[in-house]
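Please treat every number below as a calculation from the coordinates, not as lab data. The structure presented is a predicted model; accordingly, all values stated were derived computationally and were not measured. So basically every Cβ, Gly included, is an ideal-geometry build from the backbone, and we count neighbours across all protein chains shown.
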Amino acid sequence: MSILVTGGIGYIGSHTVVELLEKGEKVIIIDNFINSRPETLDQIKKITDKKFKFYEVDLLDKVNLEKVFKDNPDIDSVIHFAGLKAVGESVEKPIEYYHNNITGTLILIEVMRKYNCKKIVFSSSATVYGSPKTVPIKEDFPLSTTNPYGSTKLMIERILEDVYISDNEWSIVLLRYFNPIGAHNSYLIGEIPNSIPNNLMPYITQVALGKLEYLNVFGNDYDTKDGTGVRDYIHVVDLSLGHLSAIEKTKKDKGVHIYNLGTGNGYSVLELIETFEKVNDLKINYKIDKRRPGDIATCYADPKKAKEELGWEAKKGIEEMCKDSWNFAKNS
């Protein structure tokens, strides 16, 4: 049986594909290269020395998506990464985000249903918790959102929950990510921003490389230890392995299963910068800027449920994340 990976050439998708291939799974990738680069296909082949199928398909293109399922009747499950993903951009372009992320997912589910493929792992986000009243965040916390990106994730979660209510044959795992950073230890794949980075770590590495003059730190007046936002940073390889555990869960149990994927530790923006400087012996210039719309003060996970039910836990620390991010950036 084959696993279809949507957005499988992106940052988290490519790392997950590598782990799936290394485990011996048959993988089919679809991607439209909006948030990814064709060269990543070659890098995946170099790392794994394994064969896989690739289709350049947009989820909004139902005809060609159906063709993938027709050509590969052994598709048994889907890991769904594909989507627009920048919080700030989503505030500026809400219509594009709602259309792309939600409509694309609806088309995917419709096609899956038609071809009797009823196992899906969905790439959700900690943004569905909105601005939590307390931390660490547990899966049963109230849900709300502070930006259109987060709203698309929450709406898709609810759509998938309703899909299961309508048909109890579905096996659905919703993975709520915290903040992935780092890179594969081959340094052949990692996070490559297409323009000015939206995420903190690629922004830091662009400054370290001299491509940007300084890093903008958005807000230093939050109610945190140093005034800057606190996040749960998780190594992308740990996060990828969480998807392998989630796929195993879909094989065993029908229903809707929800898990936080994080470390359970919160680090501020300034702490991340200081750690990056220390482990890589570099200086990062930064300036304090105003808060970004949609950002919150503190967000880190309680990851116990994933450990108890999936047998998964994050193993890599913040120093390793910073080292791997820099080694990838300077080698790419």
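A few remarks follow.
- Across the stretch 148-304, the relative contact order, built from alpha-carbon pairs under 8 Å that are at least six residues apart, equals 33 percent.
- Whole-number percent relative contact order across the stretch 67-144, with pairs defined as alpha carbons under 8 Å at least 6 apart: 37 percent
- Residue separation of Lys138 and Asp289 scaled by 0.36 nm, minus their Cα-Cα distance, works out to 51.3 nm of gained length.
- Residues with amide H under 5 Å from that of Asp58, placed H, sequence gap 5 or more: none
- A crude spin-label estimate for the pair Asn331 and Lys307, with each label 7 Å from Cα along the Cβ direction, gives 3.1 nm.
- Neighbour net charge for Gly13 - beta-carbon separation under 13 angstrom, K R +1, D E -1: -1
- Stretchable slack from Lys70 to Lys252, in nm (0.36 nm times residue separation minus alpha-carbon distance): 63.0 nm
- In sequence order, calculated HN-Hα J values of the stretch 237-244 (Karplus, 6.51, -1.76, 1.60; Hz; x Gly/Pro): 6, 4, 4, 4, 5, x, 6, 5
- Estimated purely from DSSP H runs of n ≥ 4, each contributing -39500 (n - 2.57), the mean residue ellipticity at 222 nm for the chain is -12000 deg cm²/dmol once divided by its residues.
- Gap separating the Cα centres of the stretch 246-276 and the stretch 78-147, nearest whole Å: 15 Å
- Among the chymotrypsin sites (Phe, Trp or Tyr not before Pro) in the stretch 157-231, those located in a DSSP loop and surrounded by at most 14 other Cβ atoms within 10 Å of their own Cβ are Tyr214.
- For the stretch 246-258, backbone phi angles converted through the Karplus equation (6.51, -1.76, 1.60; θ = phi - 60°) give residue-by-residue couplings of 5, 4, 4, 4, 5, 6, 9, 10, 7, x, 10, 10, 10 Hz, Gly and Pro being listed as x.
- Mean Cα-pair separation over length for the stretch 1-40, i.e. relative contact order, pairs under 8 Å, 6 or more apart, %: 52 percent
- Computed over the stretch 26-159, the ratio Rg/Rh where both radii use C-alpha atoms and Rh is Kirkwood: 1.00
- Gaussian network model of the chain, Cα within-10 Å springs - most flexible of Asn265, Asn179, Asn280: Asn280
- Couplings for the stretch 46-51, taken from phi via the Karplus curve 6.51 cos²θ - 1.76 cosθ + 1.60 with θ = phi - 60°, read 4, 5, 9, 6, 10, 8 Hz in order; Gly and Pro are left as x.
- DSSP-defined antiparallel bridges as percent of all bridges, the stretch 195-332, nearest 5: 25 percent
- Each Lys and Arg adds +1 at its Cβ and each Asp and Glu adds -1 at its Cβ; summed about the Cα centre, the stretch 250-311 shows a dipole of about 280 debye.
- Selected from Gly13, Gly262, Gly317 as most flexible by GNM, with the chain as the system and alpha-carbon contacts under 10 Å: Gly317
- Stretch in the chain that is longest and holds no GluC sites (Glu not before Pro) that DSSP places in a loop and that have at most 15 other beta carbons within 10 Å: 1-168
- Which listed pairs, of Lys114/Lys252; Lys23/Lys249; Lys138/Lys305, have C-alpha distances above 18 Å, in listed order: Lys114/Lys252
- Overall form of the stretch 200-332 per C-alpha gyration tensor (a/c, 1.5; a/b vs b/c): prolate
- Inter-centroid distance (Cα atoms) of the stretch 150-225 relative to the stretch 8-66, Å: 18 Å
- Residues considered: Ile165, Ile44, Ile75. Largest GNM mean-square fluctuation over the chain, using C-alpha springs under 10 Å, is found at Ile165.
- Charge sum, other residues only, whose C-beta stays under 11 Å from Ala82's C-beta, Lys/Arg counted +1 and Asp/Glu -1: -1
- Positive-end ranking of Asn72, Tyr233, Ile296 along the dipole of the chain, with charges on Cβ about the Cα centre, is headed by Asn72.
- Counted residue by residue at 0.36 nm each, then reduced by the alpha carbon distance between them, the extension gain from Lys50 to Ile95 reaches 12.3 nm.
- For Ile288, the shell of other residues with beta-carbons less than 12 Å away shows a net charge of 0, using +1 for Lys and Arg and -1 for Asp and Glu.
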